[in-house]
Amino acid sequence: MSADLITVFPSIQLETQAWDNGRKVPAKHLTDHLNFCGSTIFSYQHLKANPGLLEERQYGHVNALAAEMIDSASRPLEDFTLIFEKSLNREGLDWPESSGHRIVLYFFLLQGLDHWISPDFIKMECYEGGFRLLSHNNMSDPWITKYRYLLPFDQDNMQKMIFNTDSDAKLLPILETLSRNEPSFYERIMTSIGLFNQACRINPVDPSSSIVLLVSSFESLLQVPRYSKKDNFCFGLKLLWGLDDRVRDWAAELYEVRNQTVHGGVVPKTQLFASKHHHYPHFKIARQIYHDSLLLILERKGVVSISPKHRKTTLEQLKNMVVSNREKVENILRNKSAYTYGAFLADRSVYEDFIRKIESLTPIDYSAQELVPVLIKLIVHIQLEWIKYLEADLATGARQDDWISFLLKKYAELQSDLEELDKMATAKETSFTIDRKVSAITEHLRQIDPVWHNRDRFEFTLSEFGERVLRAFFGTF
């Protein structure tokens, strides 16, 4: 049996605007209309502007369905995402998951939208004589007598999905070309994406099984042979990510979780986290690097060239995740005598190296919790030394005006707060108390130098040093 199939995603909207000088304007690099392997993906707003995308009766069915979908404010949904597929053949009792459906779900998960909303969908079979709704995700019947779907929040506060024509949307024609020229390679990629989607969907309820699926998605991507699977898997990821041994070690830990789950072993909760410090979820690391791994495979294949600005994760970012904060802080404290204001003044590269090491600390990694106070004391002493130098420089200058008086006053307040923070770190106060004091210090620094400091360049100022290193501590202790 064949029919046209329309899949509606009530909880997904496609972004077509970007911020420009504080207001949203149409953006040429964002799109809400794509074609992929027989599937047409578009927004409801695009459909209303181009009703010829569907037959008149199909357009009427979609409008009728739109009137039955509301948000938490009881307003009909103004926009949502649709996929149209013509003359599909039904297999068995259900429709097969199309490539378009798989891709929409993939980008939804890739952008982390599943952390706050479910990618619900409703399928609509369109025949010559009428249509039939097939609702999914616990929506087999209308939830109340009048409406078909309830979005559990106000649609004005909805985070939208992005298809960037400069990066994301370029992947689709490449895959479509592969589907014609190298169908087996294309099927391997789409199978891998399907496994990735399934892994992300079940992770909240079954973390160890989701790792099995996620490892399988990488195996499909890397084309891991049947023999020595663990060794080949680890070497494949190491080869893909710059021949880094830390990546290989992390991959071995990940694969061990997969093995224990598959072969009936008990997987302790701590084993779901990386390294001996159990500092960061294995699944979160693997999920974050999946898309770049896919692009790197395609780049090796010679079908795509990746611009650094479109990389979602770099090798340095991956290493930051697989190396624990404890190890990072231990390395800094091992050479703490080298980090002083005098050393920064003599060699700016020491200053830059110190800030980069502090900024490499990973949020929600608490493995260095007992060492962070020692590091805070080091930072406080550097700042106090810096303040004394600045105060002396101002006192010997010929210029004396209101601005100089203001700076001297602020330096005195800052020094007092830093000394209090030093005492808190020594007494090992709660993170909440220390966070409040850090926020007060950061505010002093902003008043001295009201500039947002860019991570891509260094200015060598007390304000930059204080803000950047103190900001990096949030979520680490």
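Bear in mind that the values in this text are calculations on the coordinates, not laboratory data. Keep in mind it's a predicted model, so treat the numbers as computed, not measured. All Cβ positions, even for glycine, are placed from backbone atoms using ideal geometry, and neighbour counts span all protein chains on display.
Listing for the model above:
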item: Label-point separation, Gln317 to Asp156 (7 Å along Cα→Cβ), nm; result: 3.3
item: Correct option for percent of Cα pairs over 43 Å apart [calculated from the coordinates] among (1) 17; (2) 31; (3) 53; result: (2)
item: Kirkwood Rh, angstrom, the range 2-157 [1 / mean 1/r, Cα pairs]; result: 16.4
item: Net +/- balance of residues flanking Gln271 in space, Cβ distance below 13 Å, scoring K and R +1, D and E -1; result: +1
item: Net lengthening on full extension, Ser307/Arg75 (0.36 nm per residue, minus Cα-Cα); result: 79.4 nm
item: Cα centroid separation - the range 350-384 against the range 153-208, whole Å; result: 37
item: Relative contact order (%) - criterion: Cα under 8 Å, at least six apart; region: the range 182-322; result: 21
item: Point-charge dipole on Cβ atoms (K/R +1, D/E -1) for the chain, about Cα centre, debye to 20; result: 880
item: Positive-end residue of His291, Tyr280, Ser208, charge dipole of the range 182-322 with Cβ unit charges; result: Tyr280
item: Value of relative contact order over the range 2-157, rounded to a whole percent, pairs C-alpha under 8 Å and six or more apart; result: 35
item: Full-extension gain in nm, Arg334 to Glu68, via 0.36 nm per residue minus C-alpha separation; result: 89.4 nm
item: Cα→Cβ-extended label distance, 7 Å offset, between His29 and Glu420, nm; result: 4.3
item: The range 211-260 - Rg and Dmax from Cα coordinates, angstrom; result: 9.8, 28
item: Unsatisfied cross-links (Cα-Cα over 28 Å) in the set Lys269/Lys309; Lys357/Lys423; Lys160/Lys309; result: Lys269/Lys309
item: Residue order, fewest to most beta carbons within 10 Å, for Ser118, Ser11, Ser208; result: Ser118, Ser208, Ser11
item: Calculated [θ] (222 nm, deg cm²/dmol) that DSSP helices of n ≥ 4 give over the chain, each run adding -39,500 (n - 2.57); result: -16500 deg cm²/dmol
item: Order of Leu53, Leu361 under a 10 Å beta carbon neighbour criterion, fewest first; result: Leu53, Leu361
item: Relative contact order %, the chain, counting alpha carbon pairs below 8 Å whose residues are six or more apart; result: 11
item: Value in Å of the Kirkwood radius, where the range 182-322 supplies the Cα pairs that are averaged; result: 15.3
item: Asp166/Ala395 FRET efficiency (R0 60 Å; Cβ-Cβ; nearest 0.05); result: 0.65
item: Karplus-derived HN-Hα couplings along the range 178-187 (A = 6.51, B = -1.76, C = 1.60, θ = phi - 60°), whole Hz, x at Gly and Pro; result: 5, 4, 8, 8, 9, x, 5, 5, 4, 4
item: At most 14 other Cβ within 10 Å, DSSP loop - chymotrypsin sites (Phe, Trp or Tyr not before Pro), the range 209-274; result: Tyr227
item: Kirkwood Rh, angstrom, the range 325-471 [1 / mean 1/r, Cα pairs]; result: 16.0
item: log10 of Debye I(q)/I(0), alpha-carbon scatterers only, for the range 248-325 at 0.12, 0.20 Å⁻¹; result: -0.41, -0.90
item: Built amide H within the under 5 Å cut-off of Ala18, gap 5+; result: Val25, Ala27
item: Estimated dipole of the range 2-157 in Debye, rounded to 20 [Cβ of Lys and Arg +1, of Asp and Glu -1, Cα centre]; result: 180
item: Estimated distance in nm for a label pair at Ser184 and His381, the labels positioned 7 Å out from Cα along Cα-to-Cβ; result: 6.4
item: From phi via Karplus (6.51, -1.76, 1.60), per-residue ³J(HN,Hα) for the range 252-260 in Hz, x at Gly/Pro; result: 5, 5, 4, 5, 5, 4, 4, 4, 5
item: Per-residue HN-Hα couplings for the range 402-409 [Karplus 6.51, -1.76, 1.60; θ = phi - 60°; Hz; x = Gly/Pro]; result: 4, 5, 5, 4, 4, 4, 4, 4
item: Tyr149, Tyr186, Tyr59 arranged by Cβ crowding within 10 Å, fewest neighbours leading; result: Tyr59, Tyr186, Tyr149
